[in-house]
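Input: a single structure, listed below in structure tokens.
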Amino acid sequence: NSSLFMKLIRSIILIINYKTIIVTLLSLASTWFCSYIGLSAEFPLTLVGIAIVFPVVFSISSAYQRREKALGQLADLKAHSHALFLASKDWVDPPNKDFQMEVKNQLLSVFTALKHFFTADQKEAPKMEETIFLRLSELSALLMQFKALGLQSGEQSRVSQYISKIESSIENMKVIFYYRTPITLRAYSRVFIYSFPILYGPYFVYVSEHYSHGLEYMMPVLFSFILVSLGNIQDHLENPFDQVGEDDIKFDVEQYAKMMD
């Protein structure tokens, strides 16, 4: 129960941060100022849904679909890597333990290079990308030993296909890593997420006439928390590899190694 509670607290901290506090304070100040000078107006709430909620929800949905696609590609990569290891274990007669360990270690080096690449900053990523290609080249050269160990040409061709499929999965994940949801749409969302709770100060004063005393500032707080939290969720889903959000893709090297025990 305590672990679930701590996980809930971490999730809340991720979506309610300093930006939430700043926008809330500014919206409260705007509402107080409008009340002080007697400024009120009945603004349409549908404008919030059209201008903010719909674009943000669209961006969140798009980012989530990219994450799901990346998970599928990672699963394919692990499956083909494991198939390569099983080939080194079961296709060689008699079994060669040294060759098995070499293949396992090389696959682990490829996966470790992938972890460093996808969890790095985009500016540093191109240098780490070269390491991935180097590790793949070393793996490809190592698998040429299958021929010396008596593997038939048809099975050797299948091993080459596994390498090709691993590279295809890596390239698909790289596309997701480098290219995000539209930058202009995210910029548009940020502008209105941070400005609407402040601009709607006259509206909050208008509706507060129907509230009990002490509840006049409830609406600006709710607006700020809801809109900024949606923006934070969008930001955390935008890069599924950065290891910041709760829903990020994890590159667990130890778990990957256990697949080949």
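With R₀ set to 51 Å, the beta-carbon distance separating LEU39 from HIS116 gives a calculated FRET efficiency near 0.40. Rolling a 1.4 Å probe over the protein chains gives MET259 an accessible area of about 70 Å². In degrees from 0 to 90, rounded to the nearest 10, what is the angle of the helix 2-15 Cα long axis to the longest principal axis of the chain? So the helix axis and the longest Cα principal axis differ by about 70 degrees. Taking only protein heavy atoms and a 1.4 Å probe, the accessible area of the chain is 62% carbon and sulfur. Counted over the chain with a bin width of 5 Å, the fraction of Cα pairs per bin, in whole percents, is 1, 6, 11, 12, 12, 10, 9, 8, 7, 6, 5, 4, 3, 2, 2, 1, 1, 0. Shown for the range 185-230 is the translational diffusion coefficient from the Stokes-Einstein equation, using the Kirkwood radius over Cα pairs, a temperature of 20 °C and a viscosity of 1.002 mPa s: 190 µm²/s.
Exceedance of the 30 Å cut-off in Cα-Cα distance is limited, within the set LYS127/LYS250; LYS97/LYS127; LYS127/LYS165; LYS89/LYS165; LYS147/LYS250; LYS147/LYS174, to LYS97/LYS127; LYS147/LYS250; LYS147/LYS174.
Over the range 121-261, Cα pairs under 8 Å with separation of 6+ residues give a relative contact order of 16 percent.
In Å, the Kirkwood hydrodynamic radius of the range 130-176 over pairs of distinct alpha carbons? One decimal place: 11.6 Å for the Kirkwood radius. Restricting the range 1-103 to GluC sites (Glu not before Pro) that sit in a DSSP loop and have at most 13 other Cβ atoms within 10 Å of their own Cβ leaves GLU42. Comparing the range 1-48 with the 2.2 N^0.38 Å rule of thumb, its C-alpha radius of gyration ratio is 1.78 (two decimals). Measuring nothing but how far apart in sequence close Cα pairs (under 8 Å, 6+ apart) lie, relative to its length, the range 81-168 scores a relative contact order of 35 percent.
May I have the pair-distance distribution P(r) for the range 167-261, computed from all Cα-Cα distances with 10 Å bins from 0 and rounded to whole percent? Calculated over all Cα pairs of the range 167-261, the distribution is 13, 28, 24, 16, 11, 6, 2 percent. Give me the accessible area of TYR211, 1.4 Å probe, in Å² rounded to the nearest 10. Using a 1.4 Å probe on the heavy atoms, I get roughly 90 Å².
Modelled spin labels at GLN65 and GLU155, positioned 7 Å past Cα toward Cβ, are 4.3 nm from each other. Cross-link reach is defined here as a Cα-Cα straight distance under 18 Å, omitting same-chain residues fewer than 8 places apart; for LYS19 the aspartates and glutamates meeting it are ASP235, GLU238. Against the main long axis of the alpha-carbon atoms of the chain, helix 218-238 sits at an angle near 20°. Its residue count N fixes a reference of 2.2 N^0.38 Å for the range 16-160, and the Cα radius of gyration divided by that reference is 1.89.
Dividing the mean sequence gap of close Cα pairs (under 8 Å, 6+ apart) by how many residues the chain holds gives a relative contact order of 41 percent. A Förster radius of 30 Å, combined with the Cβ-Cβ distance separating TYR179 from SER11, puts the computed FRET efficiency at roughly 0.65. The simple spin-label model puts a point 7 Å past each Cα toward its Cβ; for LEU199 and MET259 those points are separated by 4.9 nm. Per residue, the accessible area of the chain comes to 56 Å² when a 1.4 Å probe rolls over the protein heavy atoms.
Relative to the longest principal axis of the Cα atoms of the chain, the long axis of helix 18-37 lies at roughly 10 degrees.
Here the range 91-238 is treated with +1 on each Lys and Arg Cβ and -1 on each Asp and Glu Cβ, and its dipole about the Cα centre works out to around 240 debye. Pick out, from ILE52, SER140, ILE193, the residue whose Cα sits farthest towards the positive end of the charge dipole of the chain, with +1 on the Cβ of Lys and Arg and -1 on the Cβ of Asp and Glu. Towards the positive end, the residue furthest out is SER140.
Computed about the Cα centre, the dipole magnitude for the chain is approximately 160 debye when only Lys and Arg (+1) and Asp and Glu (-1) carry charge, each at its Cβ.
The values are calculated or read from the model by the stated rules, or taken from the named source; none is laboratory data. What you see is a predicted model, and the numbers here were worked out from it, not measured in a lab. Glycine also receives a Cβ, built like all others from the backbone with ideal geometry; neighbour counts cover every protein chain displayed. For accessibility, only protein heavy atoms count, side chains too; no ligands or nucleic acids. Shrake-Rupley method; radii C 1.70, N 1.55, O 1.52, S 1.80 Å.
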